[in-house]
Amino acid sequence: MSTIPSRLKLLLAALALSPAALAHPPETDDFGLKVQVLRKGDELHTAAVFHVPLDKCQAYHFLVDYDASAQIPGVISSKLTRLADNKVRVELKLEERILHFPVRLLSVLEITELPSYGTDFVQVKGEIPSFKGSWRLSEGENGTNYRYQAVAKPDSVLPMFVIRYFIEHSLTERFAALAKLATERRGRSARQCGQSGNSA
């Protein structure tokens, strides 16, 4: 059952009548970030790509540094439980700010780690009834590309295009922060890969 207050649903429904809500987020050149959210029936399909100046080993170690997610906008806390050598459960407490109104969410993900290749994840508990996806790493010019794909089935009385709008803008902000953080922490990732690094 959704924790979104009725008052917020009314505010968002009113926002849907605003031309600003129909605008697409501007493309950002930072890290070559591109985010796309498409509706397919009652599902939202999200795809994103960005580039970081890390090799694949460094990029993978940052991807599975789950403590780092607590530094991403909207993430209040991240709690890790390791289930197997290549599987973890991560409990995320999130906060969205919509029209300056805070909305708190819980998402528990089970993540399968695929070393130097990426991760697969599926939500086992949360406000969104169905959410799953993957991260994939590929070599790029002077670094590594992160590719994200996810499919969600929102359970809300809000119009789908309003949900899509907020997801697209929220993820653009979070992925930009993620790319910046990965770049700032490349020295730590380099040490995990047995390389020398000058960054913290």
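The values are calculated or read from the model by the stated rules, or taken from the named source; none is laboratory data. What you see is a predicted model, and the numbers here were worked out from it, not measured in a lab. Here the Cβ positions follow ideal geometry from the backbone for every residue, glycine too, while neighbour counts run over all protein chains shown. Surface accessibility is based on the protein's heavy atoms, side chains included, excluding ligands, DNA and RNA. Shrake-Rupley method; radii C 1.70, N 1.55, O 1.52, S 1.80 Å.
Enter the accessible area of Phe50 (Å², nearest 10), with the probe set to 1.4 Å and all protein chains included.
Here the residue's solvent-accessible area equals roughly 0 Å².
Cross-link list Lys34/Lys79; Lys153/Lys180; Lys34/Lys56; Lys56/Lys153: which exceed 26 angstrom alpha carbon to alpha carbon?
Lys34/Lys79; Lys153/Lys180; Lys56/Lys153
Using a probe of 1.4 angstrom, how much of the accessible area of the range 51-141 is carbon and sulfur, in percent? Each step should come with its number before you reach the end.
Details: 2510 of 4850 Å².
Carbon and sulfur together cover 52 percent of it.
Output ³J(HN,Hα) for the range 36-43: one whole-Hz value per residue in order, computed from phi by the Karplus curve 6.51 cos²θ - 1.76 cosθ + 1.60 with θ = phi - 60°, and x for Gly and Pro.
Taking θ as phi minus 60°, the curve returns 9, 10, 10, 8, 10, x, 9, 10 Hz for the range 36-43.
Sorting check: for 175-186, 61-72, which peptide has the highest mean count of neighbouring beta carbons within 10 Å, and how do the rest follow?
Working: 175-186: 19.2, 61-72: 16.9.
Packing proxy ranking, top to bottom: 175-186, 61-72.
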